[in-house]
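Colleague: Okay, here's the structure, questions in a sec.
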Amino acid sequence: MSTQPIEDSHYDEPLFPMPPLTEQALRVAVRSLDLSAAVRFEEEFHRAWQEAMQTDSTVPMHTFLHRWGVFVALRRYPERARRLHELEAAVAEGPSVEDARHASAEIGKLLDAARREVAA
């Protein structure tokens with residue numbers, strides 16, 4: 001399994017434009033990317049909503065939207081999603097700690113790129 005570093009560029013064309021960080025737009029995007037993740041999205045949405053109501057704070061909803069925005073940003077590029085899956089497997093099954101560290105560092109780069117997309 002290859003753990004060559006990524007370049008700081010787009011892997012390929014996105015499946016769709018980055019949606020706005022709204023509950024409805026992210027729901028549609030997550031559903032189109034991964035049906036099992038859509039179930040988690042709904043569960044986490046309801047927990048975040050309840051926490052926001054109980055604490056009288058918008059922070060739980062902002063955190064929820066940001067987290068799922070990063071999820072979408074990571075997976076809306078098929079090659080990036082494929083590479084993320086490959087790297088996650090390398091971390092879990094790597095032949096050495098050093099290989100796992102290299103794969104983890106590359107996952108960090110993918111997360112940084114996704115966070116930049118969300119912030120844009």
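The values are calculated or read from the model by the stated rules, or taken from the named source; none is laboratory data. This is a predicted model, so every value here is computed, not measured. Glycine gets a Cβ as well: all are built from the backbone with ideal geometry, and neighbour counts include every protein chain shown. The protein model used for the area step is the full one, side chains on, heavy atoms only, and it has no ligands, DNA or RNA in it. Shrake-Rupley method; radii C 1.70, N 1.55, O 1.52, S 1.80 Å.
Colleague: Would a scan of segment 21-32 turn up a residue that is touching a residue at least 60 places away in the same chain (Cβ under 8 Å) and of a type outside the set (D, E, K, R)?
Modeller: Residues of segment 21-32 that are touching a residue at least 60 places away in the same chain (Cβ under 8 Å), as a first pass: 21.
Those still in the list that are of a type outside the set (D, E, K, R) too: 21.
Yes: one or more hits.
Colleague: Here is a list of conditions, (1) closer than 18 Å to residue 119 by Cβ; (2) open to solvent by 30 Å² or more (accessible area, probe 1.4 Å), and residue 26 meets all of them except one; can you say which number that is?
Modeller: (2)
Colleague: Is at least one residue of segment 29-37 of a type in the set (Val, Ile, Thr) and buried (at least 17 other Cβ atoms within 10 Å of the Cβ)? Full working, then the answer.
Modeller: Narrowing segment 29-37 to residues of a type in the set (Val, Ile, Thr): 30.
If we keep only those that are buried (at least 17 other Cβ atoms within 10 Å of the Cβ) as well, we get 30.
Yes, the conditions are met somewhere in segment 29-37.
Let's see how each residue does on (1) closer than 24 Å to residue 18 by Cβ; (2) among the small types (Gly, Ala, Ser); (3) part of a loop (DSSP other than H, G, I, E, B); (4) open to solvent by 80 Å² or more (accessible area, probe 1.4 Å):
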residue: 43; (1), (2), (3), (4): yes, no, no, yes
residue: 47; (1), (2), (3), (4): no, no, no, yes
residue: 69; (1), (2), (3), (4): yes, yes, no, no
residue: 100; (1), (2), (3), (4): no, yes, no, no
residue: 111; (1), (2), (3), (4): yes, no, no, no
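Colleague: Pick out the one residue from 20, 5 that is within 17 Å of residue 114 (Cα to Cα), at pLDDT 95 or above and in a loop (DSSP other than H, G, I, E, B).
Modeller: On the way: 5 fails: at pLDDT 95 or above.
Result of the check over 20, 5: 20.
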